[in-house]
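One structure below.
The values are calculated or read from the model by the stated rules, or taken from the named source; none is laboratory data. Computed from a prediction, not measured in an experiment: that's the story for all the values here. As a convention, Cβ positions derive from the backbone with ideal geometry for all residues, glycine included, and neighbour counts pool all protein chains shown.
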Amino acid sequence: MRLGVLSRGPSLYSTKRIVEAAEERGHDVRVIDYLRCYMNITTRKPSVRFAGESLSFDAIIPRIASQRTFYGTAVVRQFEVMGVYTPNSSQAIARSRDKLRSLQILSQSDVGMPVTGFADSTRDVDGLIESVGGVPLIIKLLEGTQGVGVVLADTKSAARSLIAAFRQQESHILVQEFIKESKGADVRCLVVGNKVVAAMERRGIEGEFRSNLHQGGKASPVKLTPTERKTARTAAKALGLSVAGVDILRSERGPLVIEVNSSPGLQGVETATGIDVAGLIIEHIEKNTVTKKRRRVNA
């Protein structure tokens, strides 16, 4: 197959592993900087061009940076118009990147989530705080990634000040209940297809409630419960993602989904578990690309 990896960083671990896994299976694979792509939007022969060349792939693997979601999803959508298979559609990527929208969708899918509040005005901050059970609580920037823009407010006065400060900068925020029993740890579940293929526990450094590896957290393999596996699969499916990293907090009332990532990093989970996640992604694409070709022939 001809595979295109849409990534701005060919030297990044996840991109390199996907390329290695594809080449090991005999595929012709190229890494394409999607920001250098341009599109010919026409009725008869839509195309995506790169450095003057019209790109032709059987499947693409989007690795779209969160800061480049708008243009990245436009490129993915153009490939979809051309009939190219992608495990994560442009719409699914856009859903996952909008934290508010993704939580609203997940709230309809019968998965557990921390109680979350959202408001534009600061006139009823106390009401917003109480709606999530009071302090301590978590304040999250809608645009934040990798643990940046996530703050723990221990007191009501601190919560009021932080919310007012963010809104003064016209930054949109989520206010979320603090799950004390998680003790600075979460579980990242890697979903490929409709199966959880790997999982790791991420634990923050001493005194840090954020467990992100980019914030100094440590990863270790973890055994999931059947309920956790079902929760991860349901969350990925609700957002329409075939490849996803589903982040779960372990709480007294069961697993709670805090985020679903459409371009999950592979380094932490492959290192922690020893599982060839990149290879499983390629196998999933192989099966679905073949299925798509058969449908065309039988149509």
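Screening residue 122 against (1) closer than 30 Å to residue 277 by Cβ; (2) touching a residue at least 24 places away in the same chain (Cβ under 8 Å) leaves a single unmet condition, (1). Residue 82 satisfies every condition listed in (1) closer than 18 Å to residue 39 by Cβ; (2) within 16 Å of the chain's Cα centre (by Cα) except (2).
Would you say residue 77 is under 17 Å from the mean Cα position of the chain (by Cα) and either modelled with pLDDT of 95 or more or within 28 Å of residue 141 (Cβ to Cβ) (or both)? Judged against the criteria, residue 77 is not a match.
Residues of segment 72-101 that are surrounded by fewer than 23 Cβ atoms within 10 Å (Cβ to Cβ), touching a residue at least 60 places away in the same chain (Cβ under 8 Å) and polar (S, T, N, Q): 89, 91.
Can you find even one residue in segment 55-64 that is touching a residue at least 12 places away in the same chain (Cβ under 8 Å), in the same structural domain as residue 6 (by TED's automatic domain parsing) and under 30 Å from residue 119 (Cβ atoms)? Yes. Within segment 5-14, track down each residue that is without any contact (Cβ under 8 Å) to a residue 60 or more places away in the chain and either of a type in the set (Phe, Trp, Tyr) or touching a strand residue (DSSP E or B) at 6+ places or on another chain (Cβ under 9 Å) (or both). The answer is 5, 7, 9, 10. Checking the stated criteria, residue 63 turns out to be among the charged types (D, E, K, R), at pLDDT 95 or above and crowded, with 21+ Cβ neighbours inside 10 Å. Within segment 15-39, the set of residues being loosely packed, with under 12 Cβ neighbours inside 10 Å and either outside the structural domain of residue 64 (by TED's automatic domain parsing) or in contact (Cβ under 8 Å) with a residue 12 or more places away in the chain (or both) comprises 36 only. The residues of segment 265-279 that are surrounded by 18 or more Cβ atoms within 10 Å (Cβ to Cβ), out of contact with any helix residue (DSSP H, G or I) (no Cβ under 6 Å at 6 or more places or on another chain) and not β-branched (Val, Ile, Thr), listed by number, are 272, 276.
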